[in-house]
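I have placed the structure first, in the form of structure tokens, so that the comments after it can refer back to it.
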Amino acid sequence: MERHIPPNFITEIIDRDLAEGKYPKVRTRFPPEPNGYLHIGHARSIVLNFGLALDYKGECNLRLDDTNPETEKEEYARAIEEDVRWLGYEPDRVLYASDYFETMYACALQLIREGKAYVDDLPEEEMSRLRAEGKPSPYRNRGVEENLELFQRMRQGEFPTGSRVLRARIDPAHPNFKLRDPVLYRVVHARHYHAGEWKVYPLYDYAHPLEDLIEGISHSLCTLEFENNRAIYDWVIENLKGKCGLPEEPRPHQYEFARLELDYTVLSKRKLIQLVEGGYVQGWDDPRLPTLRGLRRRGVRPEAIREFVRRVGISRNEGVVETALLEEVIRDDLNPVAPRVLGVLDPLKVLLVNYEGEEWIQAPYWPWDIPKEGARPLPFSKELYIERADFSLTPPKGWKRLAPGQRVRLRHAYVMELEEVVEEGGKVVALKCRVLPETLGQNPKDGARPKGVIHWVSARHALSAEFRLYNRLFLTKDPEEGGEFIKNLNPQALVVKRGLIEPSVAQDPPDTRYQLERLGYFWQDPVESRPDRLVFNRIVPLKEGF
């Protein structure tokens, strides 16, 4: 059976730990902070943590790491849970870090009693300066009883927001800056969306290891920016395991992997918020964004995102992944599941001078290399529309589409040749053409085979539709190039076309993905499309479009 996660340095660690009997079961967790919507970068952590649990028949929790009441919302928590399930994973448990606040508070009191934590009154700027200089706070030597009293009063709300913190007493001059008496708690007068009224809140570096210990996590997987934080992680666990009702075993360990970065986009929550709140995009589910909600609305399937993470792999080597690879994976995912249909984005009218009436041609949904059966009746009539770009009065060398003196095959139908060009004001507005009647499914008897095949729709039968062509969000691989990333936004990231599509799509489920032949992969926008106003999003272009 194929593994969900290909072998990598983390699977080697797990294999070793299990062989040594270090853990009875692999337990992982995906711990996002509910202060925004998930994006493609989070997908690596989701797939890794849930995939490892599946591969080793273990467990994976979804834990909302909600220790900052000023930025977190129930809206984000619900969206995160929904996105994880959409990606195809069912958490063993959905947990909240804030449910452990009482335990965390009790553990902080324990550290104070043991002389391992103290209340500091220094302003933030002064504290930062002394830490940078490796010097102790003047409040570092406060006695245990005074620290206990002050911390309890902090919880009761007697001190204003930001006026005091609880710090670990480790070493103010430690070579690892993170261990220079790090802050464990701060005073914040803010109601928590899940836990209710609290006046003191734990910081991530203190809360995270306790959450892992409480939940019996075996392998705590983080991105590389938390590598130096591992020292605090270990300090908290070593000083509190087996105390305050916490288990002694299993003892979790933190391991770091490289985060997922993509070119031509931004994954910083701060920058994504700027794009949304600045009106540069239309909400968190805008298909131009790299959010999971945006990709989902665009039409990307969860299978493609999981395969993308698998193909990129897991390592400690940081680098930027090409968006072209993500697009390739999306095409590979859609190719065997997207029926082929015809649509025209920039219509040019064609009148067939030697054809009357109409007929319905049985046109297969699938090309020869996809082992699937299925066809639909495709209407053909005297008046057609073709793509404006498929005709040229003065074609360049190598032109394989319609031109004076150059035939084309209409996909699934007849060979067609030009008779007359109708112009108004110097613009081509229509073409008069003739079909070769004997060429339905046959080559011309005169031996003059057409050089190319073009798509078309019947004017009488086609459905009007809006086509939204999504392109890369930024003009440059590195949006930060030149300083202000907003200046590098691609004005062509969304191009809207009014076109036509064959009528068979009206009978299909609205979530059907299609390949519009020669144009790309599309599906109906799940928010705005409706039977009387069809809106199609381009999920990804065809490879030839690059």
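The values are calculated or read from the model by the stated rules, or taken from the named source; none is laboratory data. None of these values were measured; they are calculated from a predicted model. All Cβ positions, even for glycine, are placed from backbone atoms using ideal geometry, and neighbour counts span all protein chains on display. Note: accessible area is taken over every heavy atom of the protein model, side chains too, but ligands, DNA and RNA are not part of it. Shrake-Rupley method; radii C 1.70, N 1.55, O 1.52, S 1.80 Å.
Gain on full extension, evaluated as 0.36 nm per residue between residue 73 and residue 337 minus their Cα-Cα distance, stands at 91.3 nm. Each listed q (0.12, 0.22 Å⁻¹) maps to a log10 I(q)/I(0) for the stretch 219-354 from the Debye sum over equal C-alpha point scatterers, namely -0.75, -1.30. Residues 458, 163, ordered by accessible area of protein heavy atoms at a 1.4 angstrom probe radius and largest first, appear as 163, 458. Accessible area per residue for the chain, computed on protein heavy atoms with a 1.4 Å probe, is 44 Å².
Dimensions of the stretch 224-296 from C-alpha coordinates, computed as largest minus smallest value along each principal axis and given longest first, are 51, 25, 22 Å. The Rg/Rh ratio for the stretch 105-177, using Cα coordinates for both the radius of gyration and the Kirkwood hydrodynamic radius, is 0.96.
Tell me the carbon and sulfur percent of the accessible area for the stretch 421-546, rounded to whole percent, probe radius 1.4 Å. Don't jump to the answer; show the numbers that get you there.
Numbers: 3150 of 6480 Å².
Roughly 49 percent of what the probe reaches on the stretch 421-546 is carbon or sulfur.
DSSP beta bridges fully contained in the chain are about 70 percent antiparallel.
A Förster radius of 56 Å, combined with the Cβ-Cβ distance separating residue 362 from residue 148, puts the computed FRET efficiency at roughly 0.10. Considering all C-alpha pairs of the stretch 95-218, those separated by over 19 Å amount to 47%.
For the stretch 192-282, the fraction of 1.4 Å probe accessible surface lying on carbon and sulfur atoms is 45 percent.
Just the number, please: percent antiparallel of the DSSP beta bridges in the stretch 466-546, rounded to the nearest 5. Please report the intermediate quantities before stating the final value.
Numbers: 14 of 17 bridges.
The antiparallel proportion sits near 80 percent.
Among the trypsin sites (Lys or Arg not before Pro) within the stretch 415-484, those in coil by DSSP and having at most 16 neighbouring Cβ atoms inside 10 Å are 445, 451, 460, 477. Taking the longest Cα principal axis of the chain as reference, the axis of helix 9-19 is set at about 60 degrees. Between 0 and 90 degrees, the angle of helix 204-215 with respect to the longest Cα principal axis of the chain falls at about 90 degrees.
Sorting the segments 374-380, 339-345, 13-19 by their residues' average number of neighbouring beta-carbon atoms within 10 angstrom, most packed first, yields 339-345, 374-380, 13-19. What is the angle, in °, between the Cα long axis of helix 40-55 and the longest principal axis of the Cα atoms in the chain? Nearest 10 is fine, range 0 to 90. On a 0 to 90 degree scale, this one is about 80. Applying a DSSP loop filter and a limit of 13 other Cβ atoms within 10 Å to the GluC sites (Glu not before Pro) in the stretch 346-454 leaves 356, 373.
Taking the chain on its own, what percent of its Cα-Cα pair distances exceed 43 Å?
The answer is 36 percent, as a whole percent.
Taking a virtual spin label 7 Å from the Cα of residue 460 along the C-beta vector, which residues in the stretch 398-439 bring their backbone nitrogen under 20 Å of it? Those under the cut-off are 410-416, 431-438.
How much of the accessible area of the stretch 138-178, in percent, comes from carbon and sulfur atoms when a 1.4 Å probe is used? Kindly include the intermediate steps, with their values, before the conclusion.
Values: 1070 of 2250 Å².
Ligands and nucleic acids excluded, carbon and sulfur give 48 percent.
The accessible area of residue 4, taken with all protein chains in place and a 1.4 Å probe, comes to roughly 70 Å².
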